[in-house]
Amino acid sequence: MNYQTHILGYPRIGAQRELKWALEKFWRGEIDASQLEQQGRELRKTHWREQADAGLDFVSVGDFSFYDQVLDTACQFGIVPARYGVNSANLSLTEYFTLARGNQQHAPLALTKWLDTNYHYLVPELADDCEFKLNTNRLLAEIKEALNEGHCVKPVILGPVTLLSLCQLEGKSTTTPLSRLNELLPIYVELLENIQRLGVSWVQIDEPIFCTDLAPDQQLALSRAYENLSGVEGINILLATYFGEVRNHLNLLLTLPVAGIHIDASQCDEDAIRAAKYLGSQKVLSLGIVDGRNVWLNDLQVSHQLVEKIRHHVDDSQIWLASSCSLQYVPHTVANESNLEPQLRSWLSFARQKLDEIVQLAQPLESLLPAIEANQLVLAEKLLTAGVIDSAVRERLAEELPNIDRNRTSYQQRKHKQQAALQLPLLPSTTIGSFPQTKEIRKARAQYLSGQISAADYQQFLQAETRECIHKQEEAGIDVLVHGEFERNDMVEYFASQLAGFASTSAGWVQSYGSRCTKPPLIWGDVSRLQSMTLDWVKFAQSITNKPVKGMLTGTTTILQWSFLRNDIPRRHVSQQIALALRDEVLELEANGVQIIQVDEAALREGLPLRNDKQADYLDESVDSFLITTSGVREETQIHTHMCYSQFNAIYESIIALDADVISIEATRNQMKLLDVFSQSAYPNQIGPGVWDIHSPRVPSVAEIKSLIKKALYYIPAEQLWINPDCGLKTRGWLETEASMKNLVSACREIRAEL
Ligand code: GLN
Ligand code: ZN
């Protein structure tokens, strides 16, 4: 028999990023709200059609958003801070975008990463006096749209416990968001009743919080919530867990009186089999069998075998097949990847292709068998393809890794040698690496890529930009310079495009937030360095200044976090391969006279696993790779690292273990408070807390920067302190960059004089 099939959600940005272009036009005032709405309707229609045409039994509705689905959920329940002065029951698109992006008067809501993904959501702010109320206009309208198209609709809504767990309290509230659950539940009930009236019977409620370490109050809240919501007559709740294992919470999940549960079976067979065993004969088990977090062809044989195991315990009618999570974390379709090697292309499955995989797995064995055979052939061929396993890389790793001494000599000893070599003033000033990526630079890159200008002309253009950048840093009086990263469009793709084992897609866009998308590279084979990747640019920059110029690399963990990773070998092996390639680069820079080398680990905090007991392994791997990359240099060579995310408590031990001579971090918005943990433990190495918020064009005044430096000095002795912006400057314009740089240096000099 055929199993029921569905997905947890579909990418909304559009195969050609139609939503991005429409949003940006709307924000520039080039189209009006009704035109934007029209684009939204067209995208939804296309995406539902794709699901229905593939043969899914349900289409998902409610996964579309003009900015972020968490923000939509907050608006739907009236969780909108009063300071915005808007009426959430009747929110215009402009008001909605004010919450998301801010305007002259209002800062936007906080943006943070969604669980362990690289998608960012807007953090709902819950005030004590916030009264929940239901604004269903959008969701109900979208359900009607889909019903009118003749689809079998399964609305998707974010569950109350995950929603409240992700809320932030406004101002001085003393309660916890979860204590508001009892007030919120009746509103959810009302929503379900409204949905039921439209003739819809299955509703997917997402509670990804199930895959984290649940606190006792969260467990209680889950019980209470679903006892309540399952009482709505005529509605079947499919409770969806995803992003990992439910394991110790499986009992709780199974006892909830819902009509069905969804398990992320791509991560954990065991959860699915145990769930089937204890499911009983009434509930539906939705198996998230096709991985929604990665881009590789599903192994149909493995998935089929799992389904067969599940069939031992439950009736076929109870089994639904699905993606492990929403497909919004993978690009839309492989169809547009005409530049990829055909073979590599045949190993890929983006959102549209995953629909077919799910439908295939639901077919009776006689139709499934030929598909499995074809699939096994491709997978077997993959193993034999040159580059997937590169024996030279493997041999080198086996030989060299055990012999790499991960420890440099003690920092106290290195420090003197570095100071003797570099002769830096107290409170040295520097920047994080990138300088404005202007329209001209993007234009020249596009022209070069499309063959309109020659490689030599492009090179010359970039050299002129770099020269100008060095000149501006010298003029401002910065102590340690950077070349500006004009040759890089992205800090990961730049390295991916030069390393063996990586491939870049041409349209593999994934929404990061709002209209922002990233195009993660694919790691398909063993990784090695083919040639030097950054040397020419640092050398060029160093040749035109007497000040030291920092070499600039992206670290292993950040490359891994922002790429799609092969799944046929352990992550640690890929990590070691990249680390060794970067080590070669570091040593080559050093051999060519580069005295300071920065290895960025912007995503180290972001990649921290959701479950506590998985964190140690991840951090151990990350630290080891950083040390493989950096430990080979002489004592005189100064290693820097940079991290953006400002929650360091959970990774502090690892920061110590990295033993970078200098770390720069984002600290302006939290007014240096995060230096607390560094100060309490008497952090031994040097640190540059950001004193210039680079997220806005605002120029910080000398007085402001001085006050931040003084705050920093309260935590960190002057001998250990560096002065720098929060992050790279690539999204800034030159006007504010030059002014801010000058203010930073003035502030620095004035404080030096006062010390
Ligand atoms: N060196 C990079 C830059 O300056 C670091 C960016 C980041 O931390 N995200 O752009
Ligand atoms: Zn940063």
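The values are calculated or read from the model by the stated rules, or taken from the named source; none is laboratory data. Fair warning: this is a prediction, and the values are worked out from it, not measured in the lab. In this analysis, Cβ positions are derived from the backbone assuming ideal geometry, glycine residues included, and neighbour counts consider all displayed protein chains.
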- Query: Which of (1) more than 15 Å from ligand 1 (Cβ to nearest atom); (2) more than 24 Å from Arg345 (Cβ to Cβ); (3) free of Cβ contacts under 8 Å to residues at least 60 places away in the same chain is the odd one out, the single condition Gln576 does not satisfy?
  - Reply: (3)
- Message: Residues to consider are Thr518, Thr431; find the one that is among the β-branched types (Val, Ile, Thr) and under 23 Å from Ala15 (Cβ atoms).
- Response: Thr518
- Message: If Arg605 meets every condition in (1) in contact (Cβ under 8 Å) with a residue 60 or more places away in the chain; (2) over 22 Å from Val295 (Cβ atoms); (3) within 16 Å of ligand 2 (Cβ to nearest atom) apart from one, which number is that one?
- Response: (1)
- Message: With farther than 28 Å from Glu395 by Cα and either out of contact with any Ser or Thr (no Cβ under 9 Å at 6 or more places or on another chain) or not β-branched (Val, Ile, Thr) (or both) as the only criterion, which of His642, His573 stands out?
- Response: His642
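Residue by residue, here is whether (1) closer than 30 Å to Ala657 by Cβ; (2) part of a helix (DSSP H, G or I); (3) more than 16 Å from ligand 1 (Cβ to nearest atom); (4) among the aliphatic types (A, V, I, L, M) holds:
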{"site": "Phe678", "(1), (2), (3), (4)": "yes, yes, yes, no"}
{"site": "Tyr683", "(1), (2), (3), (4)": "yes, no, yes, no"}
{"site": "Lys706", "(1), (2), (3), (4)": "no, yes, yes, no"}
{"site": "Lys711", "(1), (2), (3), (4)": "yes, yes, yes, no"}
{"site": "Cys727", "(1), (2), (3), (4)": "yes, no, no, no"}
{"site": "Arg732", "(1), (2), (3), (4)": "no, no, no, no"}
{"site": "Lys742", "(1), (2), (3), (4)": "no, yes, yes, no"}
{"site": "Ser746", "(1), (2), (3), (4)": "no, yes, yes, no"}
{"site": "Ala753", "(1), (2), (3), (4)": "no, yes, yes, yes"}
- Message: For the range 542-565, which positions are surrounded by fewer than 23 Cβ atoms within 10 Å (Cβ to Cβ) and over 22 Å from Arg605 (Cβ atoms)?
- Response: Gln542, Ser543, Ile544, Thr545, Asn546, Lys547, Pro548
- Condition met for Ile651 (surrounded by 22 or more Cβ atoms within 10 Å (Cβ to Cβ), in contact (Cβ under 8 Å) with a residue 24 or more places away in the chain, more than 20 Å from Arg605 (Cβ to Cβ) and more than 14 Å from ligand 2 (Cβ to nearest atom)): no
- Query: What tally of residues in the range 92-117 results from selecting those that are in contact with a His (Cβ under 7 Å, 6 or more places away or on another chain) and in a helix (DSSP H, G or I)?
  - Reply: 1
- Which residue, of Arg396, Arg406, Arg442, is at pLDDT 95 or above and within 21 Å of Asp600 (Cα to Cα)? Arg406
- Message: I'd like to check something: does the range 271-286 contain any residue that is among the acidic types (Asp, Glu), out of contact with any Phe, Trp or Tyr (no Cβ under 6 Å at 6 or more places or on another chain), at pLDDT below 95 and farther than 20 Å from Tyr226 by Cα?
- Response: no
- Item | Filter result (under 17 Å from Val492 (Cα atoms) and touching a Leu at 6+ places or on another chain (Cβ under 9 Å)) within the range 507-520 | Gly508, Gln511
- Task: Only residues in the range 37-64 that are part of a loop (DSSP other than H, G, I, E, B) count as the first member; pair them with residues that are among the charged types (D, E, K, R), Cβ under 6 angstrom, at least 6 apart or cross-chain, and list the lot.
- Result: Phe58/Lys154; Phe64/Arg12; Phe64/Arg44
- Query: Restricting attention to the range 449-501, which residues are in contact with a helix residue (DSSP H, G or I) (Cβ under 6 Å, 6 or more places away or on another chain), surrounded by fewer than 21 Cβ atoms within 10 Å (Cβ to Cβ) and assigned to a loop (DSSP other than H, G, I, E, B)?
  - Reply: Ile453, Gly477, Glu487
- Identify, by number, the condition in (1) modelled with pLDDT under 95; (2) away from ligand 1 (no atom under 14 Å from the Cβ); (3) surrounded by 21 or more Cβ atoms within 10 Å (Cβ to Cβ) that Ser625 doesn't meet. (1)
